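Each remark here refers to the structure printed beneath this line.
Values quoted throughout were computed directly from the atomic coordinates according to the rules given, and no laboratory measurement underlies them. The shown structure was predicted, so the numbers you read here are calculated from the model rather than taken from an experiment. Please note: Cβ atoms are built from the backbone with ideal geometry, for glycine as well, and neighbour counts cover all protein chains shown.
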2 protein chains.
Amino acid sequence: MEELKNELISEAEQDITSQLQIEVSQVVQQLTEAEGEEQAEVFSEILNEAEAGTIAILLESLPLDERYERWQQVQPEERVDVLNLMRADPRLGILKKMPDEELDLLFSQLSPEDLIDWSDSLPDSITDRALAQMGERQRKHFELYDQYDENEIGRYADHQMLVLNPDSTVAQGQRFFRRIDLDCNDHLFLVDANDKYVGTVRRYDLFKADADSLLSALIWPDSRVISADSSLIESAETLEHSRELELPVVDDEGTLIGRMTLRTATALVREHYESQLMATAGMDEDDDLFAPIIVGARRRAVWLGINLLTAFLASATIGLFENVLSQVVALAVLMPIVASMGGIAGSQSLTLMIRGMAMGQISAGNVVSLLKNELGIGALNGLLWAIVIGLIAGWWFDDVIMGIIIGCAILINMAMAAIAGVMVPMILQKFNQDAALSGSVILTTVTDVVGFFTFLGLATILYL
Amino acid sequence: MEELKNELISEAEQDITSQLQIEVSQVVQQLTEAEGEEQAEVFSEILNEAEAGTIAILLESLPLDERYERWQQVQPEERVDVLNLMRADPRLGILKKMPDEELDLLFSQLSPEDLIDWSDSLPDSITDRALAQMGERQRKHFELYDQYDENEIGRYADHQMLVLNPDSTVAQGQRFFRRIDLDCNDHLFLVDANDKYVGTVRRYDLFKADADSLLSALIWPDSRVISADSSLIESAETLEHSRELELPVVDDEGTLIGRMTLRTATALVREHYESQLMATAGMDEDDDLFAPIIVGARRRAVWLGINLLTAFLASATIGLFENVLSQVVALAVLMPIVASMGGIAGSQSLTLMIRGMAMGQISAGNVVSLLKNELGIGALNGLLWAIVIGLIAGWWFDDVIMGIIIGCAILINMAMAAIAGVMVPMILQKFNQDAALSGSVILTTVTDVVGFFTFLGLATILYL
């Protein structure tokens, strides 16, 4: 017996080497540096070791042709998991390349929950093809979730959960936990005969209780409920703050429609911040790292076009002052400095606002205090840099008036940048626009126009 | 009996109204719109209902003076939890204002894990004061974690976990789960007599097994291990991909030093993206929404100063061409357009790179493919916008040569922007610099200098 035990332990110890953490960046390097046959071998080794999430990230890091070759090595039974964990664009790229019979096989393994998630970015023809592979009951489920729109948590609620009536016994509840192995499963949800949510029983309380007592006696008074029409990021925050692993999602009639898990919350937080980061450059979190050139160019062209309109506005402002520019060429040399300092100062205020908005920390109630604070910081930095830049410019062109003009323009533009940095996102929020997306374009337009106008306007007054 | 049951259910049903989700943005609005006495009342109501995480966010959304007044309403036993969930700067602000005796009471409730987390941004004097309130054993623990630096997961590993020897019985393991109520607890970790990690037993397997069998027989072969010197974001990803709730953290000798939970991973992901977002404007994720004006101004001044150097570089480039500028003033009017289009195109490539790097998807192996792809997109968009802008400029100033000059400059600058957008973050990564922080400044310098140089250089050749 003792011998067997030691053997088991030493076997387990040997196992640890194979259990070591797979660092994504290392396998990305191994895979991307290999080519052709060698890459196929490296990938098939990784397939044995890595989880679906790692495989999804790896596939995304390959150019389109290599990506599809490696995809064909993924076993049919793993394919749904891997696609679930990919971004929307790379997933769609793979689906479009797959032959019909493989696609039908894949769709036959798809749950209505998966399809809801995918359908946000699938063409209707592919969604319909997938629905055709599903049974009547699954299609009904799909339609049920499809009632909620893309920003409501009801759409993405997890429908696999432990549900019992309040008059079931503790023993029945314990049996559920012994039989069913769900991710992030810590609660049993109680519903009445009409599927209305009644309360939550914690596994911890359940396994300490007397087997014959009723579940209704174990309802945990502190548990929160997520309402199905809450926004994704609000629900993720509710779950994070609750310190629980899962929360029930109920519709406005109190019916339990699913649960939200901490796993989902983590994924939503990541997606939300990715979308904010990408939005600052006018892009989308679903964008493929290796988009086909035409597709990538077309998407980015829209943003460049919007930016061009604002750039022409700045040019038109300069155009008002051709007269003074033709006489004092130093103005043309210095004018980018005024615009640039305003732009940077404004983007600092704007970024602080965007971060605060992501956490729900900005409201009409504190905007005046924020404005005062940012204006104070802007004025202080404006004064500092007005003096520095004024001295340098005055010395460079040996012209005191030039130093005074640029100093005043810097001070005015940086104060204006602070005001715009706070007010632009507030106004955008009021109209339900994404401040991370349009904020920086509008802000830059303001700081460019104000910067050029004050600088060249002051010069016109003082030089002409 | 039946009556009692119904009563219990209807009580539970009434409870639901009080269990409803607290939406952070709504309570922020209620709180920030109230003033003085009224605010104190609103806050004390919220204190009864909301979790520590919500209270932390609420306090951060208040200006400094109001924040400290509301802080004094927080009960002593809740204070550690609330501070744990605040950002570093606001937390430090509160600690600095607290009188010594309150501070000592707070520190006496602090765990070594909490202090490690706080100490990253505390002045040494406060850390020492906190250590003085701790027992010998806790101080030893603190020093143990303090061996790992701020980017290693070993520093933040959770030391509360279920640990047994492999020759313990299933019954002993089950007793652990019944007695101890830990967050994200799903595993039992097995260590040998020297604290070396041997393996993981899942709760699910444990509660199905025979009470007399040994834990060593239940070791789960698929569990991963996180190594203590892994970076925070790599560990968070390993945990997310593993589909588990917790993973063991082991040092390089195989000793189990703690566990990492999905809760920690979620917080790390949020912090990582916040820091990336803030870095794009030269700021820090710990920054207070309401920093004291002097502190806020000083921090941002550094970034403005760096930006000023690059702006002067752009100015110096323009200065080389004073001659042509004084003769063709239209050049001064149009030149911001060239720089701006290059800057936007470059930031699109850069943002795609930063997102990829955050997920470990960029390596030396795929950089050539990325460069080809981005250059293709840049050239295509460059060509499109060169024609559009060339036509508009030619028509505006009634000058075909001007149209040709700006068209060529746009094409060259946008192609250059694509190259810089890919190469700048690669080079920064090579030298372990944060691409989100310094990437955009370097990129803008490149696109400004290249843009002005090609535009005004071509004009010098063609006009003079």
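Taken residue by residue and averaged, Cβ atoms of other chains lying within 10 Å of the Cβ of B:241-254 number 3.
For B:355, B:175, which order do you get if you count the other beta carbons within 10 Å of each Cβ and list the fewest first?
Values: B:355 25, B:175 12.
Fewest-to-most ranking of B:355, B:175: B:175, B:355.
Each Cα pair under 8 Å and six or more residues apart adds its separation to the average, and for region A:293-463 the resulting relative contact order is 36 percent. Direction-averaged projected area, Cα convex hull, the protein assembly as shown: 41.8 nm², rounded to one decimal. Once you mark the GluC sites (Glu not before Pro) that are in a DSSP loop and have at most 15 other Cβ atoms within 10 Å, what is the longest gap between them in chain A? No qualifying site falls inside A:254-464, the longest such stretch. Its alpha carbons considered, region A:163-279 gives a radius of gyration followed by a Dmax of 15.5, 56 Å. Label-point distances for residue A:302 to the equivalent site in the other copies, using a point 7 angstrom along Cα→C-beta, read 3.8 nm when ranked shortest first.
Which net charge results when you count Lys and Arg as +1 and Asp and Glu as -1 among the other residues whose beta-carbon is under 11 Å from that of residue B:149?
Working: positive: B:155; negative: B:120, B:146, B:150, B:152, B:229.
Local net charge: -4.
How high is the relative contact order of region B:163-279, in percent, with contacts defined as C-alpha pairs under 8 Å that are six or more residues apart? Relative contact order here is 24 percent. The mean sequence separation of alpha-carbon pairs under 8 Å and at least six residues apart, normalised by the residue count of chain B, gives a relative contact order of 11 percent. Ranking of B:255, A:127, B:444 by neighbouring Cβ atoms within 10 Å, starting from the fewest: B:255, A:127, B:444. Between residue A:146 and residue A:78, the simple spin-label model (points 7 angstrom out along Cα→Cβ) gives 3.2 nm. In nanometres and ascending order, the distances from the residue A:137 label point to those of the other copies are 5.3 (point 7 Å from Cα along Cα→Cβ).
Inter-copy label distances at residue B:255, using a point 7 Å along Cα-to-Cβ, come to 5.7 nm with the shortest given first.
For A:187-197, what's the mean count of beta carbons from other chains sitting within 10 Å of each residue's beta carbon?
Details: counts 0, 0, 0, 2, 0, 3, 0, 0, 0, 2, 4.
Going residue by residue through A:187-197 and averaging, the value is 1.
Comparing B:142, B:193, B:351 along the charge dipole axis of chain B, the residue lying farthest to the positive side is B:351, per the Cβ-charge model.
The DSSP beta bridges internal to chain B are antiparallel in roughly 80% of cases. According to the calculation over all Cα-Cα pairs in region A:17-149, the P(r) per 10 Å bin from zero is 11, 41, 29, 15, 3 %.
Under Stokes-Einstein, with the Kirkwood radius over Cα pairs as Rh, the value for region B:293-463 at 20 °C and 1.002 mPa s is 126 µm²/s. 3J(HN,Hα) along region B:267-283: 5, 5, 4, 4, 4, 4, 5, 4, 5, 5, 5, 5, 4, 4, 10, x, 10 Hz, from the Karplus curve 6.51 cos²θ - 1.76 cosθ + 1.60 with θ = phi - 60°, whole Hz, x for Gly and Pro.
Rounded to the nearest 500, what is chain B's calculated 222 nm mean residue ellipticity when only DSSP H runs of at least 4 contribute -39500 (n - 2.57) each, over all residues? Don't skip to the answer; put the middle values down first.
Details: 21 runs with 312 residues, N = 464.
Estimated from H runs of four or more residues: -22000 deg cm²/dmol.
The spacing between region B:290-352 and region B:46-74, judged by their C-alpha centroids, is 40 Å. Within the set A:372/B:96; A:208/B:140; A:140/A:430; A:97/B:372; A:97/A:140; A:96/B:430, which residue pairs have Cα atoms separated by over 27 Å? Exceeds cut-off: A:208/B:140; A:140/A:430; A:97/A:140; A:96/B:430.
Count charges around residue B:418 for me, please; just the other residues with Cβ under 12 Å from its Cβ, Lys/Arg as +1, Asp/Glu as -1.
Numbers: positive: A:300, B:372; negative: B:374.
Net charge in that neighbourhood comes out at +1.
Averaged across the residues of B:44-51, what count of C-beta atoms belonging to other chains lies within 10 Å of each residue's C-beta?
Numbers: counts 0, 0, 0, 0, 0, 1, 1, 8.
Mean partner-chain Cβ count within 10 Å for B:44-51: 1.
Considering only B:248, A:92, B:289, and ranking their Cα positions along the charge dipole of the protein assembly as shown that arises from unit charges at the beta-carbon of Lys, Arg, Asp and Glu, the one farthest toward the positive end is B:289. The distance from the alpha carbon centre of region A:207-233 to that of region B:364-389 is 54 Å, rounded to a whole number. The calculated pair-distance distribution of region A:36-91 uses every alpha carbon pair, bins of 5 angstrom beginning at 0, and gives 4, 20, 37, 27, 10, 2 percent. Taking Cα atoms only, the orientation of helix A:36-49 departs from the longest principal axis of chain A by about 60 degrees. Over chain A, all Cα pairs binned in 10 Å intervals from 0 give whole-percent P(r) values of 4, 15, 19, 20, 18, 13, 8, 3, 1, 0, 0, listed from short to long. Separation of region B:442-457 from region B:142-205 is 57 Å, based on Cα centroids. Ordering A:24, A:331, B:370 by Cα displacement along the dipole of the protein assembly as shown toward the positive end leaves A:331 in first place; charges were set at the Cβ atoms of Lys, Arg (+1) and Asp, Glu (-1). In degrees between 0 and 90, to the nearest 10, how far off the longest principal axis of chain A does helix A:88-97 point, with axes built from Cα atoms? Long axis of A:88-97 versus the principal axis of chain A: about 60 degrees.
Each residue in A:207, B:321 was given a count of other beta-carbon atoms within 10 angstrom of its own, and listing them fewest first yields A:207, B:321.
How about region B:325-431: which chymotrypsin sites (Phe, Trp or Tyr not before Pro) there are in a DSSP loop, with at most 14 other Cβ atoms within 10 Å of their Cβ?
Working: sites: B:385, B:395, B:396, B:397, B:431; in loops: B:397, B:431.
Taking region B:325-431 and a limit of 14 other Cβ atoms within 10 Å, the loop chymotrypsin sites (Phe, Trp or Tyr not before Pro) found are B:431.
Seen against the Cα atoms of chain B and their longest principal axis, helix B:24-33 is set at about 80 degrees.
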